[in-house]
Amino acid sequence: MENDGSAIALEAHELTKIYRMGAVEVHALRGVDVEFSEGELIVLLGPSGSGKSTLLNILGGLDTPTGGTVTFRGQLLRMDSERALNLYRRDHVGFVFQFYNLIPSLTARENVSLVTEIARNPMSPDEALSIVGLGDRIDHFPAQLSGGEQQRVAIARAIAKRPDLLLCDEPTGALDSKTGVLVLEAILKINRELGTTTALITHNAVIAEIANRVLYFADGRIVETRQNAVQRAPGELAW
C-alpha cells in the first residue's frame, strides 16, 4: 500500500463482506486493503455494485465486515460492539449521502443543530453553514432551498461536529453539474481548511480529478490506485 509518509488516519486489512439471501451469497467485498492518510482527499470510482458503498459504510462504522479489520489512528475498531461503533461514529465520522435527509419542518440552522447538540466539541451551526456558503440562508426551510443548497446544509450538518473523517456517498448524484461543482467546492474547502480526511464515492470519472488519490473498484476489489499529479479545482470540471 502506497503512502506518502503522512500519518495514517484509517486503514483496513483483508475486508470481506458477504450478504446471504437464502441460499445465495453475494460477495460485496473480496479482501480489500486500504489506507487513508490524515488530511487526504480520496475518490472511490467504479460502477454500481462494485463495493464502494459497502466499503465506506464499514469504514464509517455503519456496517460490519464478514472478515478483516479496520483501524482508526492506531486503534482497532471493535466491530462486535454496537456501543463502540456508536461512539466512533458520533465522535469521529461525518456522513454525506446522495439524498439530503433534512427534516422539512426545521430550518437550515435547526437541522445542523441536531448534530451540534450531541457532539463533544462542535462548531456553531451558523459557522458550519457559513463554511459551505450558506451564511445568508440559515433561517430557510428545506423547501425554500435548491437541491444544491440542501446538500450543502447536509454537509454543514456532517462537519459541525468537527469529524476527523468525512465520508461522502455520491454527494453530487442528484445534482446537475453546475450545482454539483458548488457542492464539491464545499467538500474541498473543508478538506483543505479543516484538514478533514475525506473519501468521496462517485461513478463519474471526471470528479476523480479533484482528489489526491483515486481508488478504482470492480467486483468487490480495488483494481487500480492512481495518485493525481495535480488536483483540479471543481470549477474546471465539466460533466
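We did not get these values from a lab; they are worked out from the coordinates using the rules stated. Model, not experiment: these values are computed from the prediction. All Cβ positions, glycine included, derive from the backbone under ideal geometry; neighbour counts span all protein chains shown.
Between Val24, Val34, Val115, where does the largest GNM mean-square fluctuation fall for the chain, given springs only between Cα atoms within less than 10 Å?
Answer for the Gaussian network model of the chain: Val24.
From the backbone phi of the stretch 43-56, what are the Karplus-calculated ³J(HN,Hα) couplings (6.51 cos²θ - 1.76 cosθ + 1.60, θ = phi - 60°) in whole Hz, Gly and Pro given as x?
Values, residue by residue: 10, 9, 10, x, x, 4, x, 8, x, 4, 5, 4, 4, 4 Hz.
I need to check one value: relative contact order of the chain, counting alpha carbon pairs closer than 8 Å and at least 6 residues apart, in percent. Don't skip to the end; give the middle numbers.
Details: 493 pairs, mean separation 61.6, N = 239.
Rounded, it is 26 percent for the chain.
What angle do you read, to the nearest 10 degrees and between 0 and 90, between the alpha-carbon axis of helix 82-92 and the longest principal axis of the chain?
50
Going by a ≥ b ≥ c, the root eigenvalues of the Cα gyration tensor, does the stretch 160-239 fall in the rounded group (a/c under 1.5), the prolate group (a/b larger than b/c) or the oblate group?
Rounded is the answer for the stretch 160-239, as its axis ratio a/c remains below 1.5.
For the chain, what does -39500 (n - 2.57) per DSSP helix run (n ≥ 4), summed and divided by total residues, give at 222 nm, in deg cm²/dmol to the nearest 500?
Rounded to the nearest 500, it is -8500 deg cm²/dmol.
How big is the stretch 70-127 in terms of Cα radius of gyration and Dmax, in angstroms?
14.1, 41
If r is the Cβ-Cβ distance from Asp176 to Ala143 and R0 is 30 Å, what FRET efficiency results, to the nearest 0.05?
After rounding to 0.05, the efficiency reads 0.95.
Taking 0.36 nm per intervening residue step and subtracting the Cα-Cα distance, what contour gain separates Thr71 from Ile18 on full extension?
Result for the pair: 17.1 nm of gain on full extension.
Running a GNM on the chain with Cα contacts under 10 Å, which residue among Met79, Met123, Met21 ends up with the highest mean-square fluctuation?
It is Met21.
Nearest 10 degrees, 0 to 90: what angle lies between the long axis of helix 147-159 and the longest principal axis of the chain (Cα atoms)?
Between helix and principal axis, roughly 70 degrees.
What percent of all Cα-Cα pairs in the stretch 130-204 falls in each 10 Å bin, counting up from 0?
19, 55, 25, 1
Hey, what do the phi angles of the stretch 125-142 turn into as Karplus ³J(HN,Hα) couplings, whole Hz, using 6.51/-1.76/1.60 and θ = phi - 60°, x for Gly and Pro?
x, 4, 5, 4, 5, 5, 4, 8, x, 10, x, 9, 10, 5, 9, 8, 8, x
How far is helix 177-194 tilted, in degrees, relative to the longest principal axis of the Cα atoms in the chain, given as a value from 0 to 90 rounded to the nearest 10?
80
Provide, in order from the shortest bin, the percent of all Cα-Cα pairs of the chain in each 5 Å bin, continuing until the bin that contains the maximum pair distance.
With 5 Å bins starting at 0, P(r) equals 1, 7, 14, 18, 20, 17, 12, 7, 3, 0, 0.
Can you list the residues, at least 5 places off or on another chain, whose amide H is less than 5 Å from the amide H of Thr197, using H built in the peptide plane?
Gly39, Leu166
Give the relative contact order (percent, whole number) for the stretch 166-224; include only Cα pairs under 8 Å separated by 6+ residues.
On the way: 39 pairs, mean separation 21.1, N = 59.
Rounded, it is 36 percent for the stretch 166-224.
Go ahead and set up a Gaussian network model of the chain, Cα springs under 10 Å, then flag whichever of Arg157, Arg20, Arg83 fluctuates most.
Arg20
Percent relative contact order of the stretch 104-174, based on C-alpha pairs within less than 8 angstrom and at least six residues apart?
41
Using 7 Å Cα-to-Cβ label points, what is the His203/Asp219 separation (nm, one decimal)?
Result for the modelled spin labels: 1.9 nm.
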